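The values are calculated or read from the model by the stated rules, or taken from the named source; none is laboratory data. Just so it is clear, the structure is predicted and the values come from calculations on it, not from any experiment. Cβ coordinates were reconstructed from backbone atoms using ideal geometry, including for glycine residues, and neighbour counts include every protein chain displayed. Side chains included, ligands, DNA and RNA excluded: accessible areas come from the protein's heavy atoms. Shrake-Rupley method; radii C 1.70, N 1.55, O 1.52, S 1.80 Å.
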Amino acid sequence: EIYSLHVDCKVTSRFAHTVITSRIVNRANESQEATFEVELPKTAFITNFSMSIDGEVYPGIIKEKAAAQNEYDTAVYEGQSAGLIKITDRKLEQFHVSVSIAAASKVTFELTYEELLKRQLGKYELLIKVRPKQLVKHFQIDVHIFEPQGIQFLEADGTFMTNELTEALTKVQNETKAHILFKPTVDQQKKNSEFDETLLNGDFVVHYDVKREATAGDIQIVNGYFVHYFAPQEMPVFPKNVVFVIDRSGSMAGRKIEQTTDALLKILQDLRPEDHFNFITFNNKVVEWKSSLLPATEENVASAAALVQTLTARGGTDINGALLAAVGVLEEAEGLPERSVSMIVLLTDGQPTSGERNVEVIQENVHKAINGKYALFCLGFGFDVSYKFLEKMALSNGGIARRIYENADAALQLQGFYQEVATPILMQIEMQYPENSIEGLTKNNFKLFFEGSEIIVSGKISKELDLLPVEIKAQSHTSDLTLKEEANVKEKEQVFQNQRYIFGNFIERLWAYLTIQQLLEKAVSAQEEDQKALEAQALDLSLRYNFVTPLTSMVVTKPSDQQQKELANKPTEAG
């Protein structure tokens, strides 16, 4: 019986630190399994886990993956125990551990994880999965938010909310701080009064955004580490030249092609009159809808919609031929707006089975053809794709990859992805800082900035500076911009001094989190020797800051009468 479940989340300047504590008692008169099962965002890193059984604490220890594996292999008989973490859906992974406890014994599980909230379509999302599977006497979610820039708007809701449960939700906020409390009584948790079934099954979601001045962004400093947030607003949008490359091989037949059609019809409606576009559909044959890019007039959009509705799926998959044809369309385009952004959006659900089949050769061909001129976005539909291949291709060509999960909302996932990249407002963004006074700077130049997202740069101030000057250079649709700002280091440090619930070195941890994410991303498209060096750096930081990343494992130890050790490894989308 879970008698207490507490989720305590502190968000300080987009960096979220979440502690989940579950207390379980065995009311039976024999020993029983107690299970702790939590779903957390894939983008988060676990930093701590412990079990205390009748006062004895069993901590999880984070080690390098290979070292942890060796220790585990020596401790375990063949074929026992899968990993403790697995991907459960598009946004979440599940951490699951169980331990046997004696009659009348109690166990407390505590899991801590951290993540940097990412701004998408104009808001941050904090997602807490709620699924206790039973009524819980003391159930509580606390979210504390502190945003020195000021909170623009804030909403909290649950997919399982009823009128009764809404009464258990309170929200208190002022200019820069907010506290959200969700504390339903046992009666409020019940589906109905006769049965002990719980309503709490779904997502508890907090959305918010911060206030922004129209300057060179916002800088925050704690203990010598700085973070710089930049999200300009109300800028003119670049016209886009988009080639949609759509897989219509046999495996796309049925639901997938229907969902693709639904999404494309919506996406066509979202094109702006100044955009240009074309479609390439492919199986073992590559078919260009029109011989050149067309302006997104009402007439052209209607004619494209008619084509999309006739898509049928059969045959093989010539990814190489299709992508090279897309580059060709962009290369030959004439009369495009002078300042515009060209992109290729590939949607495929399989491996290359016709034309060139060697993924490395395809990557090379595409990289050579694109030659840094266009951004390539790769959407992998379902689990038969080689996600690694798509991710490497996208990251090597200034884009991103995304897996589309085959479920009811696949069309919405496709649309959502398109909306994120539909409004480029800046290109060639360079964030410049005084070179001789900053160490460990995270990525500071970006090809494109899309409206509703945010650029984040972090680093360590290595010298005694009174002022931290920053300069941002970028191209907008109408002009070349230079934005300048100076941050007063002492003043900035003061902002966080008197905040009660802030974990002291949060910007340093944010810096480490961001650096690890970027090193791992860079490693995806790097050559082998470079890849090893990047991973070694990321491993060093993962161990230093105690993060479970794809390079580390957490060894979970149990009481001596049970299987002694289990491993928690972080799964990745590429598997």
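One line per residue, one yes/no per condition, for (1) closer than 30 Å to Lys492 by Cα; (2) of a type in the set (Val, Ile, Thr); (3) part of a strand (DSSP E or B):
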{"residue": "Val136", "(1), (2), (3)": "no, yes, no"}
{"residue": "His144", "(1), (2), (3)": "yes, no, yes"}
{"residue": "Val172", "(1), (2), (3)": "yes, yes, yes"}
{"residue": "Ile180", "(1), (2), (3)": "yes, yes, yes"}
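For region 361-368, state whether one or more residues are open to solvent by 10 Å² or more (accessible area, probe 1.4 Å) and in a loop (DSSP other than H, G, I, E, B).
No, region 361-368 has no match at all.
Looking at (1) buried (at least 16 other Cβ atoms within 10 Å of the Cβ); (2) in contact with a helix residue (DSSP H, G or I) (Cβ under 7 Å, 6 or more places away or on another chain); (3) modelled with pLDDT of 90 or more, which one does Ile502 not meet, given that it meets all the others?
(3)
Run Val99 past the list (1) over 25 Å from Gln517 (Cβ atoms); (2) open to solvent by 20 Å² or more (accessible area, probe 1.4 Å); (3) of a type in the set (Val, Ile, Thr) and report the number of the one that doesn't hold.
With (1) over 25 Å from Gln517 (Cβ atoms); (2) open to solvent by 20 Å² or more (accessible area, probe 1.4 Å); (3) of a type in the set (Val, Ile, Thr) applied to Val99, the lone miss is (2).
Residues that are in contact with a Ser or Thr (Cβ under 9 Å, 6 or more places away or on another chain), within 20 Å of Val237 (Cβ to Cβ) and open to solvent by 20 Å² or more (accessible area, probe 1.4 Å): does region 476-496 have at least one?
Looking for residues that are in contact with a Ser or Thr (Cβ under 9 Å, 6 or more places away or on another chain), within 20 Å of Val237 (Cβ to Cβ) and open to solvent by 20 Å² or more (accessible area, probe 1.4 Å), one finds at least one in region 476-496, hence yes.
Whether any residue in region 115-125 is among the hydrophobic types (A, V, I, L, M, F, W, C), in contact with a strand residue (DSSP E or B) (Cβ under 7 Å, 6 or more places away or on another chain) and at pLDDT 90 or above is what I want to check. Walk me through it before giving the result.
So the first thing to find is which residues in region 115-125 are among the hydrophobic types (A, V, I, L, M, F, W, C), and the list is 116-117, 121.
Then drop every residue that is not in contact with a strand residue (DSSP E or B) (Cβ under 7 Å, 6 or more places away or on another chain), which leaves 116-117.
Restricting the remaining residues to those that are at pLDDT 90 or above gives 116-117.
Checked against the condition, which is being among the hydrophobic types (A, V, I, L, M, F, W, C), in contact with a strand residue (DSSP E or B) (Cβ under 7 Å, 6 or more places away or on another chain) and at pLDDT 90 or above, region 115-125 yields at least one hit.
Scan region 269-324 residue by residue and report those that are part of a helix (DSSP H, G or I), within 33 Å of the chain's Cα centre (by Cα) and surrounded by fewer than 19 Cβ atoms within 10 Å (Cβ to Cβ). Give the derivation first.
So the first thing to find is which residues in region 269-324 are part of a helix (DSSP H, G or I), and the list is 269-270, 298-308, 319-324.
Then keep just the ones that are within 33 Å of the chain's Cα centre (by Cα); that gives 269-270, 301, 304-305, 308, 319-324.
Correct list: Gln269, Asp270, Ala305.
So, in region 532-569, of the ones that are at pLDDT 90 or above and of a type in the set (D, E, K, R), which residue ends up surrounded by the fewest Cβ atoms within 10 Å (Cβ to Cβ)?
Arg544
Given the criterion of a type outside the set (Lys, Arg) and over 17 Å from Glu420 (Cβ atoms), identify the matching residue among Phe238, Phe277, Phe244. I'd like the intermediate steps shown before the answer.
Working: Phe238 fails: over 17 Å from Glu420 (Cβ atoms); Phe244 fails: over 17 Å from Glu420 (Cβ atoms).
So the residue among Phe238, Phe277, Phe244 that is of a type outside the set (Lys, Arg) and over 17 Å from Glu420 (Cβ atoms) is Phe277.
Counting just the residues of region 154-169 that are touching a residue at least 40 places away in the same chain (Cβ under 8 Å) and open to solvent by less than 70 Å² (accessible area, probe 1.4 Å), which one comes out farthest from the chain's Cα centre (by Cα)? Show your work before the answer.
Keep residues of region 154-169 that are touching a residue at least 40 places away in the same chain (Cβ under 8 Å), which gives 154-160.
Now drop any that are not open to solvent by less than 70 Å² (accessible area, probe 1.4 Å), which leaves 154, 156, 158, 160.
Details: Leu154: 20, Ala156: 20, Gly158: 20, Phe160: 23 Å.
Applying the filter and picking the extreme gives Phe160.
Under 6 Å by Cβ, and 6 or more places apart or on different chains, what pairs join a residue from region 217-234 that is closer than 12 Å to Pro148 by Cα with one that is of a type in the set (Ser, Thr, Tyr) and open to solvent by less than 10 Å² (accessible area, probe 1.4 Å)?
Once the first residue is closer than 12 Å to Pro148 by Cα and sits in region 217-234, its partners that are of a type in the set (Ser, Thr, Tyr) and open to solvent by less than 10 Å² (accessible area, probe 1.4 Å) give Asp218/Tyr229; Gln220/Ser13.
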